[in-house]
Amino acid sequence: MKITAISLQTRDKNRVNVSVDGNYRFSLDVSQIIDLGLKIGQDYSDAQLLEFETESQFGKLYGRALEYCLMRPHSAREVRDYLYRKTRPSRSKTGELKPGVSSELTGRVFNRLVEKGYINDQKFAHYWIENRSLTKGSSQRKLVSELRSKGVETSIIEQILCETERNDSLEIQKIIAQKRPKYPDDQKLMMYLARQGFNYDDIKSALDI
C-alpha cells in the first residue's frame, strides 16, 4: 500500500492528513511525519500502517492532555484521572459509541508530559498554595487537606509550605475582611473561621476577643 498524499489540515496547521492508495487513512502531527520518515510514493505494509495509526492516536491524545495541563497546573493524580477517562468508551455527537484508547497509550502520554515538565507535583503545590493565598486566603490545615485530596505527597506539601512566606495570621485577616459583613456576630464568625481550618487561639487573637 502506498502513501499518495500528505496535506495540512484546515483547522489545525500542526497536523496533516495522510492518504493511502487515494483514500484518507489517518492524521499525524507534523513532527511525527518527520520522526516516522513518511514520504509520498513510499510503500508500507499493513503492520506499518497500523503502527502509524497508533502514533496518530498518541499525537491526538498528547495534544488534548497538553491543553489540559496548560489550562492551569494540575497534580499528577489529576492528569492520571483525566487520561483514565479517555480509556472509557464515549459517545460521539451522532450518538455512536466510540471505544476508549489503550492504557498503554495513556501511559506513554503521561510519561511524555512528565519528561517535558508539564507534570510536577512540587510546582503544582507551590502554585496551589500561592494562588489560594493571593485570592481569598486559606488556612494551612485547609491547604494541606486540599493538596492531599489531589494526590500530592505530604513531604512535598510540607516542603513547599516551609518555603512560602504565607502564615495563618495574615491569611485569617484576609478572610475576616471579606466575611465580616456577612458575620457581624463574633461567635458566628468564629465558627466560620474554625470550619476553614484555623485554630481557636489564632481566631481569638485575630478578633481580639
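Determine the sum of side-chain charges near S149: Lys and Arg each +1, Asp and Glu each -1, restricted to other residues whose C-beta is under 11 angstrom from that of S149.
+2
Treating only the Cβ atoms of Lys and Arg (+1) and Asp and Glu (-1) as charged, compute the dipole magnitude of the range 121-207 about its Cα centre; round to the nearest 20 debye. Provide the component values of the computation, followed by the final result.
On the way: 15 positive and 13 negative charges, 100 e Å.
Approximately 480 debye in magnitude.
Work through the residues other than R112 whose Cβ is under 15 Å from its Cβ and net out their charges, Lys, Arg +1 and Asp, Glu -1.
Overall, the nearby charge balance is 0.
In 10 Å bins starting at 0, how do the alpha-carbon pair distances of the chain split up by percent?
Values per bin, smallest distances first: 7, 24, 22, 16, 13, 10, 5, 2, 0.
Students often forget the sequence filter, so: which lysines lie under 22 Å Cα-Cα from K188 once same-chain residues fewer than 8 apart are removed?
K136, K142, K174, K179, K204
For V114 and D46, compute 0.36 nm times the residue count separating them, minus their Cα-Cα distance, and round to one decimal in nm. Don't skip to the end; give the middle numbers.
On the way: separation 68, 0.36 × 68 = 24.48 nm, distance 3.22 nm.
Once the chain is fully extended between V114 and D46, it gains 21.3 nm.
With the dipole of the range 1-87 worked out from charges on the C-beta (+1 for Lys and Arg, -1 for Asp and Glu) around the Cα centre, which of Y24, I40, P73 lies farthest toward the positive end?
P73
Would you mind counting up the charge near Q122? Only other residues with Cβ under 11 Å from its Cβ, with Lys and Arg at +1 and Asp and Glu at -1. Provide the component values of the computation, followed by the final result.
Working: positive: K123; negative: D121, E153, E163.
For residues surrounding Q122, the net value is -2.
How high is the FRET efficiency between Y127 and S31 when r is their beta carbon distance and R₀ equals 22 Å, given to the nearest 0.05?
Working: r = 28 Å, r/R0 = 1.29.
The value I calculate is 0.20.
Out of the range 30-134, which trypsin sites (Lys or Arg not before Pro) are coil in DSSP terms and have no more than 14 other C-beta atoms within 10 Å? All intermediate terms of the calculation are to be shown ahead of the outcome.
Details: sites: K39, K60, R64, R77, R80, R85, K86, R91, K93, R108, R112, K116, K123, R132; in loops: K39, K86, K93, K116.
Sparse-neighbourhood loop trypsin sites (Lys or Arg not before Pro): K39, K93, K116.
For the range 71-119, count the residues as N, evaluate 2.2 N^0.38 Å, and divide the Cα radius of gyration by that value, please.
Details: Rg = 12.6 Å, N = 49, 2.2 N^0.38 = 9.7 Å.
Against the compact-globule rule of thumb, the ratio is 1.30.
Each reported figure results from applying straightforward, stated rules to the coordinates on display, with no laboratory input. Just so we're clear, the structure is a prediction, and the values are computed from it rather than from any experiment. Note that each Cβ is placed from the backbone with ideal geometry, even for glycine, and that neighbours are counted across all protein chains shown.
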